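Below: the structure, in structure tokens.
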Amino acid sequence: MEFFRNTNIDFLGKKWYFLVFSLVFSVAGLLSMAFWHGIPLGVDFRGGTLVYVKYAHTPDPSAIHDEIERAGLKNARVQRYGQVGNNEVLIALDIQETSEQALDNGKTKIIQALETRAVGGKQDLNNSSSLGIKKWLVEKDPLHVGSSPEANNRYTAAAQSVVDYRDKNKGGVLSSVDDLNGAADPAVVGSLKENYFTSDFGIRNVEIVGPQVGQQLRKQAVLATLYSLLGMLIYLALRFEWIYGVAAVLTVFHDTLITVGAFSLLNWEISLTVIAAILTLIGYSNNDTIVVFDRIRENIKLLRRDSLADIVNRSINQTLSRTILTAGLTFLTVLALFLFGGEVLHGFSFALVIGILIGTYSSIAIAAPILVAYQQWRGEKGKAPLAMPLRPGTGLKPKAKEKVKA
């Protein structure tokens, strides 16, 4: 299957348009990283506390952020989490202590900031543990079983059944204490009404990433990217010539810069999954570039009388259909992941969407022109062009003309 047959597009003739396009997006990303949003690292890298909150209604991230700010929790990030119908948000705080007490403190601060309909003297049933509920039931003894060991077991089971019903049947949020009717003993429900009310949210989970772990992850992410670039440079230098490796690495650096710049411009956090996507697009872009380079090398052997610019143009046109087919199908897949994959995969899929578009573009508009520019530079210096193949069995470049002895 082919989309294009016998195309003859002068890609190199449009290299200045490509250069302007790349410069605009690269400079915009650099300016954003330097002066506006910086590189918006996620909690995975900077350290902090993640609080997963479930609401009984559709949450408003802006309103939640304002409530948290009023409570004195600065630099908090609030974003939708999971599917829209789940009414979940993820709140990232700069609390970086890693103790159990810090976990409780982070949870308590969020609860205090978000509770807008607290009833004086009562506790929030949606954010109470089974241990706290059991203590209340043991103290009130609504089942009249006294203080025997059997009473402790019965109230432990009763408290756990309340929590299980809240979390498993109601998604972690009860609309009122009366929701427990039929799920718990009426005497237990009546006793809970005396001391508990129900807020419109529930804390599902609290996670902490310490600053040392975040620093280590940052270092490992940078090293993984650099090692991948170095490996490509060495492979292409051995497989082709060193200038091919340099061109591929510069192209991938261009792709990575634009992708990270897009995250900075949009102020979207870069998490571990985003780094995984960037490493994926490095390999994808490199694969596309190698296909074009391989065709250039084959055509150099066949079209010895043509200029390298003409050979490069012809090679790009010959591989254009394959490039569009491969990139198009891959793009549709990651676009579907971006649109329907949910908030957890949002950053990962967005990086792939941008990376595939830019990676396909750069294989045509950046990598190949670098080869031609380098050959022109060598020609101006009076040196033989490195892009020409060696004569079989020798270390010499092919001669333009051989004299035949009589």
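Residues to consider are 237, 309, 262; find the one that is closer than 30 Å to residue 38 by Cα and either β-branched (Val, Ile, Thr) or not assigned by TED's automatic domain parsing to the domain that holds residue 75 (or both). Let's see the steps before the verdict.
Numbers: 237 fails: closer than 30 Å to residue 38 by Cα; 309 fails: closer than 30 Å to residue 38 by Cα.
Being closer than 30 Å to residue 38 by Cα and either β-branched (Val, Ile, Thr) or not assigned by TED's automatic domain parsing to the domain that holds residue 75 (or both) holds for just one of 237, 309, 262, which is 262.
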Those residues of region 224-251 which are among the hydroxyl-bearing types (Ser, Thr, Tyr), surrounded by fewer than 16 Cβ atoms within 10 Å (Cβ to Cβ) and more than 19 Å from residue 280 (Cα to Cα), in sequence order: none
With the structure loaded, tell me whether residue 89 is hydrophobic (A, V, I, L, M, F, W, C), closer than 27 Å to residue 176 by Cβ and modelled with pLDDT under 90 or whether it fails that test. no
Here are some conditions: (1) closer than 27 Å to residue 48 by Cβ; (2) touching a Gly at 6+ places or on another chain (Cβ under 9 Å); (3) surrounded by 20 or more Cβ atoms within 10 Å (Cβ to Cβ). Residue 265 meets all but one. Which one does it not meet? (3)
The condition of being surrounded by 20 or more Cβ atoms within 10 Å (Cβ to Cβ), among the β-branched types (Val, Ile, Thr) and either free of Cβ contacts under 8 Å to residues at least 40 places away in the same chain or not assigned by TED's automatic domain parsing to the domain that holds residue 250 (or both) holds, among 53, 84, 20, 24, only for 53
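Could you list, in sequence order, the residues of region 16-37 that are farther than 22 Å from residue 76 by Cα and either at pLDDT below 90 or among the small types (Gly, Ala, Ser) (or both)? Break it down into steps so the answer makes sense when it comes.
The initial filter retains those residues of region 16-37 that are farther than 22 Å from residue 76 by Cα, namely 16-31.
Once the filter is applied, which keeps residues that are farther than 22 Å from residue 76 by Cα and either at pLDDT below 90 or among the small types (Gly, Ala, Ser) (or both), region 16-37 yields 22, 26, 28, 29.
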Considering only residues that are more than 15 Å from residue 259 (Cβ to Cβ) and either crowded, with 18+ Cβ neighbours inside 10 Å or more than 18 Å from the chain's Cα centre (by Cα) (or both), which ones fall in region 28-40? 31, 34, 35, 36
May I ask you to verify whether residue 202 is in contact (Cβ under 8 Å) with a residue 60 or more places away in the chain, part of a strand (DSSP E or B) and touching a Gly at 6+ places or on another chain (Cβ under 9 Å)? yes
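Only one of these is surrounded by 13 or more Cβ atoms within 10 Å (Cβ to Cβ), in contact with a helix residue (DSSP H, G or I) (Cβ under 6 Å, 6 or more places away or on another chain) and part of a helix (DSSP H, G or I): 215, 160. Name it. Working first, answer last.
Numbers: 215 fails: in contact with a helix residue (DSSP H, G or I) (Cβ under 6 Å, 6 or more places away or on another chain).
Unique residue meeting the criteria: 160.
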Whichever residue in region 38-69 is at pLDDT below 85 and not in a strand (DSSP E or B) and, among such residues, is nearest to residue 265 (Cα to Cα): 42
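Picking from 229, 223, which residue would you name as being modelled with pLDDT of 85 or more and either within 23 Å of residue 362 (Cβ to Cβ) or assigned to a helix (DSSP H, G or I) (or both)? Quick ask: steps written out before the conclusion?
Working: 229 fails: modelled with pLDDT of 85 or more.
Result: 223 is the single residue among 229, 223 that is modelled with pLDDT of 85 or more and either within 23 Å of residue 362 (Cβ to Cβ) or assigned to a helix (DSSP H, G or I) (or both).
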Give me a count of the residues in region 257-284 that are of a type in the set (Val, Ile, Thr) and in contact with a Ser or Thr (Cβ under 7 Å, 6 or more places away or on another chain). 3
Would you mind finding the one in 294, 306 that is part of a loop (DSSP other than H, G, I, E, B) and farther than 24 Å from residue 77 by Cβ? 306
In region 124-148, which residues are of a type outside the set (Gly, Ala, Ser), surrounded by fewer than 18 Cβ atoms within 10 Å (Cβ to Cβ) and in a loop (DSSP other than H, G, I, E, B)? 141, 143, 144, 145
Cβ-Cβ below 6 Å, separation at least six or inter-chain, first residue in region 294-317 and on the phi < 0 side of the Ramachandran plot, second aromatic (Phe, Trp, Tyr) and surrounded by 14 or more Cβ atoms within 10 Å (Cβ to Cβ): which pairs? 313/11; 316/11
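Give the residue, chosen from 289, 251, that is touching a residue at least 12 places away in the same chain (Cβ under 8 Å) and within 15 Å of residue 225 (Cβ to Cβ). Quick ask: steps written out before the conclusion?
Details: 289 fails: within 15 Å of residue 225 (Cβ to Cβ).
251 is the lone residue from the list that is touching a residue at least 12 places away in the same chain (Cβ under 8 Å) and within 15 Å of residue 225 (Cβ to Cβ).
The values are calculated or read from the model by the stated rules, or taken from the named source; none is laboratory data. None of these values were measured; they are calculated from a predicted model. Cβ sites come from the backbone with ideal geometry, for glycine too, and all protein chains shown count toward neighbours.
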